[in-house]
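S.K.: This is the structure I want to talk about, given as structure tokens.
The values are calculated or read from the model by the stated rules, or taken from the named source; none is laboratory data. Keep in mind that this is a model prediction, so the values were computed, not measured. Counting neighbours? That spans all protein chains shown, and the Cβs are built from the backbone with ideal geometry, glycine included. We work out accessible area using only protein heavy atoms, side chains counted, and drop any ligands, DNA or RNA first. Shrake-Rupley method; radii C 1.70, N 1.55, O 1.52, S 1.80 Å.
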Amino acid sequence: MDYSYLFNKAVRGMQPSGIRKYFDLLEGYEDVITLGVGQPDASVPPVVRAAAVGAITDGYVPYTANAGLFSLREAVCGYLSRRFSLCYCPESETLITVGGSEAIDLMLRAVLNPGDEIIVPEPTFVCYTPLAELCGAVCIPVTLRAEDRFRLTPEALKKALSPRTKLLVLPFPTNPTGGIMTHDDLVKIADVLDGTDVLVLSDEVYAELTFSGHHVSPASIPGMRERTVVIGSASKAFAMTGMRIGFAVGPEPLIDAMTRIHQYGIMSAPTTAQIAAVSAFNNCDADIDAMRLSYDRRRCLMLGGFAAMGMPCYPPDATFYLFPDITASGLTSEVFCDRLMEEGRVAVVPGTAFGASGEGFVRICCAYAEENLREALNRIAAFWRKVTERAA
Ligand SMILES: Cc1ncc(COP(=O)(O)O)c(C=O)c1O
């Protein structure tokens, strides 16, 4: 049977994630230090673990309301108000999802029709374009540049807008660049959108990992709340990636549409994880602050190492990623990563895994033990010397 003809046309063209390739490659190598996987290395806060264990011990594992446990929706709204000055109603404007990933998929499916355009600033996390294409939407990439601190400029947005634009993705803080948008940057974006019906998907799963000042949500800018769905997650803030709890908050009609899809596709997020997340959103502000400090220390260690070896790297304002510029090696991002793995035994991800505009960069995650980071820096420095001497 030739299955390829049976697939949805958008699935036929869907490429596997460029990040996944580097996880899979690790299998064939020994003694590789991986700085590829983007997940926290902190341990889950003890109160979160205790809440999950308590739910299992009590045998409390029913389905919950489709929108999620009310106590969790309340906890999420309290957390957003406390930490980001956002005000949402737990009854009608909040949906608990299976990770931020499901919330992204739901928003795209709730609003996109074939032929709609969606503006995606790149380099960025890998899921928006393939999921939007499943809806028949057309993705318009906008390149974020190091000289703009990887921020979206109003000029670039204006150029990308068309009468067919349905949705703008604001993926800030950004994986892989660590770029953020300040209050003033967002006001300029709001001005460009003023008078349009363009919706905004604001992916804020890294909001808690902002090092330069406090994260500002686009929904807090005048005129933006009515067009914006804020997507967040327990994954990065509380080191709960495998528990798969995320959320969407936004205007009631949008959350209602997303909840209808979620109701048929998922029913409800896993109950044990929801109970654990109540504890996380209510009780773990101090854990977040400790994790942020520890990522910041390692971010500085890596930046110092890159500076010493002469590898240019824009200092990320957020996330646990660094996005050094490898063009001086004369290698493409992919060849650089393949050779660094082969010759230096360090696994990092090519910038092109995050869009064509990631060419000339690699993504390095610093959420690893400091001794591994130090050894990785030694190996990268030796490789960098070799390839840059040859290129000169
Ligand atoms: C920018 C961004 N958004 C969303 C996600 C999805 O996170 P989760 O589904 O674990 O909440 C990730 C995961 O790495 C990410 O980097």
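S.K.: Mark the label point 7 Å from the Cα of residue 89 along Cα→Cβ and return the residues of the range 216-251 whose backbone N is within less than 12 Å of it.
M.R.: It comes to 250-251, nothing else.
S.K.: So what is the 222 nm mean residue ellipticity for the chain from helices alone, if each DSSP H run of at least 4 adds -39500 (n - 2.57) and you divide by all residues, rounding to the nearest 500 deg cm²/dmol?
M.R.: The helix-only estimate for the chain comes to -12500 deg cm²/dmol at 222 nm.
S.K.: Which residue fluctuates the most in the chain, going by a Gaussian network model with Cα springs under 10 Å, if the choices are 162, 71, 233?
M.R.: Judging by the Gaussian network model, the answer is 162.
S.K.: Report the charge-dipole magnitude of the range 46-284 in Debye, nearest 20, computed about the Cα centre from +1 at each Lys and Arg Cβ and -1 at each Asp and Glu Cβ.
M.R.: For this selection, approximately 340 debye.
S.K.: Sticking with this one: Between helix 252-265 and the chain, what is the angle of the helix's C-alpha long axis to the longest principal axis, kept within 0 to 90° and rounded to the nearest 10?
M.R.: It works out to around 80 degrees.
S.K.: Quick one: Karplus J couplings for the range 215-226, per residue in order, coefficients 6.51, -1.76, 1.60, θ = phi - 60°, nearest Hz, x for Gly and Pro?
M.R.: Result, rounded to whole Hz: 4, 10, 7, x, 5, 8, 8, x, x, 9, 4, 5.
S.K.: Expressed as a fraction of 2.2 N^0.38 Å, the rule-of-thumb size for a compact globular protein of N residues, what is the C-alpha radius of gyration of the range 65-197?
M.R.: 1.13
S.K.: Which value, in debye to the nearest 20, gives the size of the charge dipole of the range 324-392 about its Cα centre, when Lys and Arg are +1 and Asp and Glu are -1 at the Cβ?
M.R.: For the range 324-392, the charge dipole is close to 140 debye.
S.K.: Translational diffusion coefficient, Stokes-Einstein: compute it for the range 218-304 using the Kirkwood radius over C-alpha pairs as Rh, at 37 °C and 0.692 mPa s, and state it as an integer in µm² s⁻¹.
M.R.: Taking Rh from Cα pairs, D becomes 214 µm²/s.
S.K.: Let me ask something additional. Measure of size requested: the Rg and Dmax of the range 46-284, with Cα atoms as the atom set and Å as the unit; please supply both.
M.R.: My reading of the Cα-based Rg and Dmax gives 17.4, 56 Å.
S.K.: In addition: Mind giving me the nanometre distance, one decimal, between the label points for residue 301 and residue 56, set 7 Å out from Cα along Cα→Cβ?
M.R.: Computed distance between label sites residue 301 and residue 56 equals 3.1 nm.
S.K.: If you fit an axis through the alpha-carbon atoms of helix 271-283 and take the longest principal axis of the Cα set of the chain, what angle between them do you get, 0 to 90°, nearest 10?
M.R.: Helix 271-283 and the main axis of the chain meet at about 80 degrees.
S.K.: So, in Å, what gap is there between the alpha-carbon centers of the range 191-267 and the range 83-105?
M.R.: Taking the Cα centre of the range 83-105 as reference, the centre of the range 191-267 is 6 Å away.
S.K.: In addition: Just to confirm, what accessible area per residue do you get for the chain at 1.4 Å probe, in whole Å²?
M.R.: Each residue of the chain exposes 42 Å² on average to a 1.4 Å probe.
S.K.: Given the pairs 9/158; 166/188; 9/166, which are separated by over 27 angstrom at their Cα positions?
M.R.: Distance filter (> 27 Å) returns 9/158.
S.K.: What do you get for Rg/Rh over the range 28-109 if you use C-alpha atoms and the Kirkwood form of Rh?
M.R.: In the range 28-109, Rg relative to Rh is 1.08.
S.K.: What is the angle, in °, between the Cα long axis of helix 183-193 and the longest principal axis of the Cα atoms in the chain? Nearest 10 is fine, range 0 to 90.
M.R.: Helix 183-193 sits roughly 70 degrees off the main axis of the chain.
S.K.: Another question about this same structure. Ignoring any ligand, DNA or RNA, what whole percent of the accessible area of the range 156-245 comes from carbon and sulfur when the probe is 1.4 angstrom?
M.R.: The value for the range 156-245 is 52 percent carbon and sulfur by accessible area.
S.K.: State the answer as a single residue: which of 216, 263, 284 lies farthest towards the positive end of the charge dipole of the range 46-284, with beta carbon charges of +1 for Lys and Arg and -1 for Asp and Glu, about the Cα centre.
M.R.: 284
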